[in-house]
Amino acid sequence: MPVAGWVLLVTVAVALIVTATLVDRRGGGRVALRRRFGPEYDRAVAELGSRRAAHRHLLAVAERRDTLTLVALTEAERTAFVRRWQGLQSRFVDNPGGITRQADELVSEVMRARGYPQGDVRERAELLGVDHPELAQAYRQAHTDAQAGADTEKLRQALLRLRDLFHRLLGPAPTPPPAAQAASSPGQPKPSSGSDGPKDAQAR
């Protein structure tokens with residue numbers, strides 16, 4: 001083959017590689033989707049029966065997620081949610097099934113407050129899987145156990161899964177403004193903001 005032919009062949013090959021890389025970087029390629037969705041990618045392949053179908057589905061999910069505007073909770077919202085969670089968790093032993101269902105509903109409420117849509121659990125889990133793929137399946141399982149009235153041990157595990165998701169959705173506690181920090185007396189313990197989450201004496 002003439003030298004010009006080899007040059008043309010190499011140029012085309014490089015162009016194809018660059019194009020594939022750009023597509024993946026934009027979130028439309030298999031490598032990018034697998035990286036973004038983690039275990040949710042393999043789950044979609046198993047559920048839908050092919051990589052092609054999983055690719056199309058996850059790309060649609062990613063596009064829906066990218067249209068959402070998730071907002072941070074205000075300090076007042078965050079404090080109110082933490083207090084409600086603490087109240088539920090403290091009553092787990094007395095009513096495992098009812099409390100786990102209420103905890104599941106509270107997580108849904110937090111998701112709506114953050115900007116997730118009103119859709120069913122399947123849709124919320126898929127959208128959650130874009131940002132927190134390691135929590136999506138745990139959320140599905142916790143919801144199933146909570147609504148099915150599972151045995152106490154499964155309900156305990158469901159509550160722990162919901163707690164992990166709850167705190168991830170809350171995000172970090174707001175940082176007080178510099179003036180408020182300066183006003184704090186040195187050596188005085190700061191009041192708890194709830195950032196460490198509720199105690200789990202009953203749900204351990």
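The values are calculated or read from the model by the stated rules, or taken from the named source; none is laboratory data. Being a predicted model, the structure only gives us computed values, none of them experimental. Cβ placement follows ideal geometry from the backbone for every residue including glycine, while neighbour counts extend to all protein chains displayed. When the accessible area is computed, the model is the full protein with side chains, heavy atoms only, and any ligands, DNA or RNA have been set aside. Shrake-Rupley method; radii C 1.70, N 1.55, O 1.52, S 1.80 Å.
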Point to revise | Test: LEU135 is crowded, with 18+ Cβ neighbours inside 10 Å, modelled with pLDDT of 95 or more and over 20 Å from THR69 (Cβ atoms) | key: no
Practice item. Taking ALA125 as the residue in question, decide whether it is in contact with a helix residue (DSSP H, G or I) (Cβ under 6 Å, 6 or more places away or on another chain), more than 12 Å from LEU159 (Cβ to Cβ) and hydrophobic (A, V, I, L, M, F, W, C). Key: yes
Review point. For the stretch 55-114, what are the residues that are open to solvent by 50 Å² or more (accessible area, probe 1.4 Å), assigned to a helix (DSSP H, G or I) and β-branched (Val, Ile, Thr)?
Key: THR67
Review point. Do the conditions hold for ASP196, that is, is it under 25 Å from THR67 (Cα atoms), acidic (Asp, Glu) and at pLDDT below 90?
Key: no
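Listed here are the residues, each with its yes/no results for (1) of a type outside the set (Phe, Trp, Tyr); (2) farther than 27 Å from ARG168 by Cα; (3) touching a strand residue (DSSP E or B) at 6+ places or on another chain (Cβ under 7 Å); (4) modelled with pLDDT of 75 or more.
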residue: THR21; (1), (2), (3), (4): yes, yes, no, no
residue: GLY29; (1), (2), (3), (4): yes, yes, no, no
residue: GLY38; (1), (2), (3), (4): yes, no, no, yes
residue: ARG51; (1), (2), (3), (4): yes, yes, no, yes
residue: LEU58; (1), (2), (3), (4): yes, no, no, yes
residue: GLU75; (1), (2), (3), (4): yes, no, no, yes
residue: ALA80; (1), (2), (3), (4): yes, no, no, yes
Practice item. Scan the stretch 157-171 for residues that are open to solvent by 50 Å² or more (accessible area, probe 1.4 Å) and over 15 Å from the mean Cα position of the chain (by Cα) and report the count. Key: 1
